[in-house]
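**Q** One structure is given below, represented as structure tokens, and several questions about it will come after.
The values are calculated or read from the model by the stated rules, or taken from the named source; none is laboratory data. These numbers were taken from a predicted model, which means no experiment stands behind them. A quick note on method: Cβ atoms are made from the backbone with ideal geometry, for glycine too, and the neighbour counts reach across all protein chains shown.
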Amino acid sequence: MNLFTVPAPAQQLRILAVASEGGHWVQLLRLAPVFAGHAVEYLTTNAQLGATVPQPVHVVRDANLWTKWQLLLMSAEVFWLLLRLRPDVVITTGAAPGLAAVAAGRLLGARTVWLDSMANAEGLSGSGRLARRLAHQCLTQWDNVADGERVQCWGSVL
């Protein structure tokens, strides 16, 4: 199944698309055709990326496992944003802000989709390993990484 092959939406959904800057953001933008017909807002870690999409872009601080205090603050920022936006769907290509958005989305009743980065050809990323337990749908872009149950491969975005 190709990620770009989707039927016309039966109803307009509120989608929050989340990615850190760099390759995560590039891969998320490759999904834009899937969002057509829906109300989309983006969440990222670099305000300059707002110029790359016409939809609203929200920015949170960047953080990772080595900056635990920043990670906690970023997670709180993500939670409050989701509380305010109340998306129907959260979709992310990672990394830390995406994982925080999946967790917050689950708590708030959104459907959640994790698409692990194309760079992870041998196994899921660290965030992806956590996301497979949290997200409604966990996807990899590599057949050999999929397990056919919790982690599936629907194709590649690149």
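**Q** Is it true that some residue in region 76-96 is modelled with pLDDT under 95 and either in a helix (DSSP H, G or I) or touching an Asp or Glu at 6+ places or on another chain (Cβ under 9 Å) (or both)?
**A** Scanning region 76-96, I find at least one residue that is modelled with pLDDT under 95 and either in a helix (DSSP H, G or I) or touching an Asp or Glu at 6+ places or on another chain (Cβ under 9 Å) (or both), so the answer is yes.
**Q** Related question: Quickly run through region 71-85 and pick out the residues that are over 14 Å from Ala103 (Cα atoms) and either in contact (Cβ under 8 Å) with a residue 24 or more places away in the chain or touching a helix residue (DSSP H, G or I) at 6+ places or on another chain (Cβ under 9 Å) (or both).
**A** Residue satisfying the conditions is Leu85 alone.
**Q** Another question, if that's okay. Could you look through region 100-119, keep only residues that are out of contact with any Asp or Glu (no Cβ under 8 Å at 6 or more places or on another chain) and in a loop (DSSP other than H, G, I, E, B), and pick out the one that is surrounded by the most Cβ atoms within 10 Å (Cβ to Cβ)?
**A** Among residues in region 100-119 that are out of contact with any Asp or Glu (no Cβ under 8 Å at 6 or more places or on another chain) and in a loop (DSSP other than H, G, I, E, B), the one surrounded by the most Cβ atoms within 10 Å (Cβ to Cβ) is Asp116.
**Q** For region 127-158, name all the residues that are polar (S, T, N, Q), crowded, with 18+ Cβ neighbours inside 10 Å and assigned to a loop (DSSP other than H, G, I, E, B).
**A** Passing the criteria: only Gln141.
**Q** Same structure again: From the residues in region 86-99 that are surrounded by 18 or more Cβ atoms within 10 Å (Cβ to Cβ) and not β-branched (Val, Ile, Thr), which one is nearest to Leu28 (Cα to Cα)?
**A** Gly94
**Q** Now, a different point. Please find, within region 53-75, the residue that is surrounded by the most Cβ atoms within 10 Å (Cβ to Cβ) out of those that are more than 17 Å from the chain's Cα centre (by Cα), part of a helix (DSSP H, G or I) and of a type in the set (A, V, I, L, M).
**A** Across region 53-75, the extreme among qualifying residues is Leu73.
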